[in-house]
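Engineer: Here it is, the structure, as structure tokens.
Here, each number is a calculation from the coordinates, and none is a lab measurement. Being a predicted model, the structure only gives us computed values, none of them experimental. Here the Cβ positions follow ideal geometry from the backbone for every residue, glycine too, while neighbour counts run over all protein chains shown.
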Amino acid sequence: MDFKQIEAFVYVAKYKSFSRAAEKMLLSQPTVSTHINTLEEELGIKLFDRLSREVVLTDAGQVFFDYAVDMIDLRERSIEAIKEFLNEVSGNVKIGSSTIIAEFILPSIIKEFINRYPKTFFTMDIASSQMIIQRVVDGVLDLAVVARKIPKKDLEYKPIFRDRIVLAVNKDHPFYSRNSVFLDEILNEKFVIREVGSGTRAAVEYALKTKGYDFESLNATAVMSSTHGLLHSVKNGLGIAFVSEIALIKDICSNEVRGIPIIDLVVEKDIFLVYNKRKTSKKLIKNFLELIQEYNFNSSAGR
């Protein structure tokens, strides 16, 4: 039994997929499968049930899982102890983020951190805030930057900046030449919306609810799982959309899409840094936490 087999087991268990585990471990799927098969042969018992859509732990796999996580954690802590002794900052930071932050904010922060600590490497996981937070809970990720706060055991949330949500319209829409609109004017428009679990969608749902409106009553023509998809849908006339002001400032759609404030509907969302309090003893993570909390987000967003 070696650590590659243990790691493969933990990743497959958490992602419920050999292909996803292989992607995150930067290995081929056959290699991950070999690691799991070898581990099962050595233990003399099946650890996974291979179903049609996903793989799930057997009862024996459930028993082994906590021990496997502890083995990986002990290895990381022993390596970290040596690095502390040598006063060295190096290693892999496993970071997660919702799409807006991953696309428009994190790359510049990661670049600055690597400039300071050249022996570091980043693995980034991009998904909805809800999914990313769960991966921090599961230990797949060291930390994350998300647009929602979902209370979970051992998680610490720190607000790092506030993002505003505006109405994105394309250059052919009547609202394009306006400096602002009212809520009543937009309710009958066609909308492109974000998926359930998105921080942007959650912020809009809450804001509409405070005004006595139901998000589900919007005339949605499509659901998108990324900000790029949302903006390009607006650009091509599929509908208007609620979108992060950061994405519009970055100007990925040139002058063809513009953000319009809604006078009587202020939608803002806090962007949180979230991490497991038990992992902050690692020097690598501690240094990244310090950098991201001192970072000038307004400058990064182009304001």
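Engineer: In nanometres, what is the gap between the two model label sites at residue 180 and residue 29, each 7 Å from Cα along Cα-to-Cβ?
Structural biologist: 5.3 nm
Engineer: Based on DSSP H runs of at least 4 residues, each adding -39500 (n - 2.57), what is the mean residue ellipticity at 222 nm of the chain after dividing by all its residues, to the nearest 500 deg cm²/dmol?
Structural biologist: -13500 deg cm²/dmol
Engineer: Here is a further query. Any idea how far apart residue 38 and residue 81 come out in nm if each label point goes 7 Å out from Cα toward Cβ?
Structural biologist: For residue 38 paired with residue 81, the spin-label model returns 2.7 nm.
Engineer: Match the structure shown to one of the listed values [x] 1.14; [y] 1.04; [z] 0.99 of Cα Rg over 2.2 N^0.38 Å, computed from it, and give that label.
Structural biologist: [x]
Engineer: Just to confirm the number: angle between the C-alpha axis of helix 3-15 and the first principal axis of the chain, 0 to 90 degrees, nearest 10?
Structural biologist: Computed tilt is about 40 degrees.
Engineer: So, one more: May I have the count of lysine pairs in segment 162-269 with C-alpha atoms under 21 Å apart, counting pairs 8 or more residues apart or located on different chains?
Structural biologist: 10
Engineer: Also: Suppose R0 equals 25 Å; then what is the FRET efficiency for residue 156 and residue 121 from their Cβ-Cβ distance, rounded to the nearest 0.05?
Structural biologist: With a Förster radius of 25 Å, E is 0.55.
Engineer: Which entries of 152/282; 94/286; 14/83; 158/286; 14/94 have Cα-Cα distances beyond 19 Å here?
Structural biologist: With Cα atoms farther than 19 Å apart: 152/282; 14/83.
Engineer: Apply 1/(1 + (r/R0)^6) to the Cβ-Cβ distance of residue 45 and residue 66, taking R0 = 22 Å, and write down the FRET efficiency to the nearest 0.05.
Structural biologist: FRET efficiency, residue 45 to residue 66: 0.90.
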